[in-house]
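S.K.: Provided herewith is a single structure, encoded as structure tokens, for subsequent inquiry.
The values are calculated or read from the model by the stated rules, or taken from the named source; none is laboratory data. As the structure is a prediction and not an experimental result, all values here were calculated from the model. A quick note on method: Cβ atoms are made from the backbone with ideal geometry, for glycine too, and the neighbour counts reach across all protein chains shown. The protein model used for the area step is the full one, side chains on, heavy atoms only, and it has no ligands, DNA or RNA in it. Shrake-Rupley method; radii C 1.70, N 1.55, O 1.52, S 1.80 Å.
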Amino acid sequence: MVNLCVQTVDEASKYLASRNNILIITHKSPDGDTVGSAAALCLALRSLGKNVYLFGNRGFTKNQNAYIKSLCAGEDFTPECVCAVDIADIKLLPGGAEIYVDRIDIAIDHHLSHKSFAKRLILDTNAAACGEIVYKIIKNLGIPITAEIAEALYVAVSTDTSCFLNSNTTAETHRIAAELLSHPFDFARVNREFFIVKSRERLDIETRLLSGMRFYMGGKVAVIVITHDMLRETQADEDDLNNIAALARSVAGVELGILIREREENECKVSMRSSEKIDVAKLCERFDGGGHSRAAGCTVKLPCQETEKTLIEALKEYPMFAEDTEELTV
Ligand code: AMP
Ligand code: MN
Ligand code: MN
């Protein structure tokens, strides 16, 4: 456990402004929030004349590459300051970044379940996205927001709110988004790319997931499973799977949507999304994971079917599920 120094926006801004040769790290299986926040912070600090790069996360998707472009560090870059964005837990460092485990100088995060690992932490659990905190740091430093920075921040904020639909969206989220939209970038194209258009591969896998969805607890819980075979057969890649964890929750009556994704023979990545009543961050913490109250994840070291059984067993302890434990199939 490191000696943690909790930072305000002002302190974090001053700290970053005082450093040079900064490496920004995004989380494993990167989403739009970690990518957009990192890209915006990188561009903003560069505009102060600093040497700043992103860690070359191998998980960046095609959609995300547009925001990463030339920002990734080369092999020869030796950082003097390492900054983690949107990383709730040191376990979520991307592959190859293990060398920085004990060397994170500052973490910028918004997860309720944040487990501290950095020397300094700026944590705002009311922020819908890490992008909101990065926006405040950029404003605090008086850095002009360019169209490129605005677009990256918009990707961050829109991703974690599912395009301003989720309950984590606040008036402040909209105020920030409103300012971002005053800059000349094509937000409708971003929305189309990230939230509207579906590839044929996505349609194919979605069709299979919908027809194979299993319901438990009288229809209050829905489970979908993505196996390696399914990915091979549909040719779906990470771009095609964007936000697919929300699919199970989109069914009427479902309080808890669970996506189980086969990683290895005996390991699954679990994503949970809840509607109103269940704190999935707490539930996932029981499996050594975490996240937000309505969106959280964990890793279970079991094959898919057993993972499903184990999770459903754990749910029986919840009073709201106690009476309805049968599996319903559509
Ligand atoms: P996901 O289901 O992977 O999209 O994750 C939903 C939210 O939970 C994200 O904000 C993640 O950062 C967080 N999360 C996912 N897995 C973990 C984990 N193993 N530990 C802590 N937080 C996690
Ligand atoms: Mn994230
Ligand atoms: Mn986030």
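S.K.: Within the set of pairs 6+ apart or on separate chains, which have a first residue in the stretch 285-299 that is farther than 14 Å from residue 243 by Cα and within 14 Å of ligand 2 (Cβ to nearest atom), a second that is open to solvent by 40 Å² or more (accessible area, probe 1.4 Å) and assigned to a loop (DSSP other than H, G, I, E, B), and C-beta atoms under 8 Å apart?
M.R.: 290/112; 290/115; 291/112; 292/112; 292/168
S.K.: While we're looking at this one, here's another question. Just for strands (runs of 3 or more DSSP E) wholly inside the stretch 28-115: which have at least 3 residues that are in the same structural domain as residue 128 (by TED's automatic domain parsing), β-branched (Val, Ile, Thr) and open to solvent by less than 40 Å² (accessible area, probe 1.4 Å)?
M.R.: none
S.K.: Also, I was wondering about something else. When residues of the stretch 150-166 are filtered for being open to solvent by 10 Å² or more (accessible area, probe 1.4 Å), assigned to a loop (DSSP other than H, G, I, E, B) and either more than 20 Å from residue 297 (Cβ to Cβ) or in contact (Cβ under 8 Å) with a residue 24 or more places away in the chain (or both), how many remain?
M.R.: Residues that pass the stated criteria total 4.
S.K.: Check off (1) surrounded by 18 or more Cβ atoms within 10 Å (Cβ to Cβ); (2) assigned to a helix (DSSP H, G or I); (3) in contact with a helix residue (DSSP H, G or I) (Cβ under 9 Å, 6 or more places away or on another chain) for residue 15 and give me the number that stays unchecked.
M.R.: (3)
S.K.: Output the residues belonging to the stretch 53-74 that are of a type outside the set (S, T, N, Q) and in contact with a Gly (Cβ under 9 Å, 6 or more places away or on another chain).
M.R.: Those that are of a type outside the set (S, T, N, Q) and in contact with a Gly (Cβ under 9 Å, 6 or more places away or on another chain): 53, 55, 56, 58, 59, 67, 68, 72, 73, 74.
S.K.: Return the residues of the stretch 116-131 that are in a loop (DSSP other than H, G, I, E, B) and open to solvent by 10 Å² or more (accessible area, probe 1.4 Å); say none if nothing qualifies.
M.R.: Across the stretch 116-131, the qualifying residues are 116, 117, 119, 124, 125, 126.
S.K.: Moving on. Pull up the stretch 134-149, narrow it to residues that are farther than 18 Å from residue 30 by Cα and within 16 Å of ligand 3 (Cβ to nearest atom), then point me to the one that is surrounded by the fewest Cβ atoms within 10 Å (Cβ to Cβ).
M.R.: The selected residue is 136.
S.K.: Quick one: count up the residues across the stretch 184-213 that are in contact with a strand residue (DSSP E or B) (Cβ under 9 Å, 6 or more places away or on another chain), outside any loop (DSSP other than H, G, I, E, B) and open to solvent by less than 70 Å² (accessible area, probe 1.4 Å).
M.R.: The total comes to 2.
S.K.: Check whether at least one residue in the stretch 124-147 is within 20 Å of residue 274 (Cβ to Cβ), away from ligand 1 (no atom under 16 Å from the Cβ), without any contact (Cβ under 8 Å) to a residue 60 or more places away in the chain and of a type outside the set (Val, Ile, Thr), and report yes or no.
M.R.: Checking the stretch 124-147: not a single residue is within 20 Å of residue 274 (Cβ to Cβ), away from ligand 1 (no atom under 16 Å from the Cβ), without any contact (Cβ under 8 Å) to a residue 60 or more places away in the chain and of a type outside the set (Val, Ile, Thr).
S.K.: Is it the case that residue 278 is at pLDDT below 95 and buried (at least 19 other Cβ atoms within 10 Å of the Cβ)?
M.R.: Answer is yes for this residue.
S.K.: Now a separate question. Can you report the number of residues in the stretch 221-248 which are open to solvent by 30 Å² or more (accessible area, probe 1.4 Å), modelled with pLDDT under 95 and within 22 Å of residue 305 (Cβ to Cβ)?
M.R.: Here the count works out to 0.
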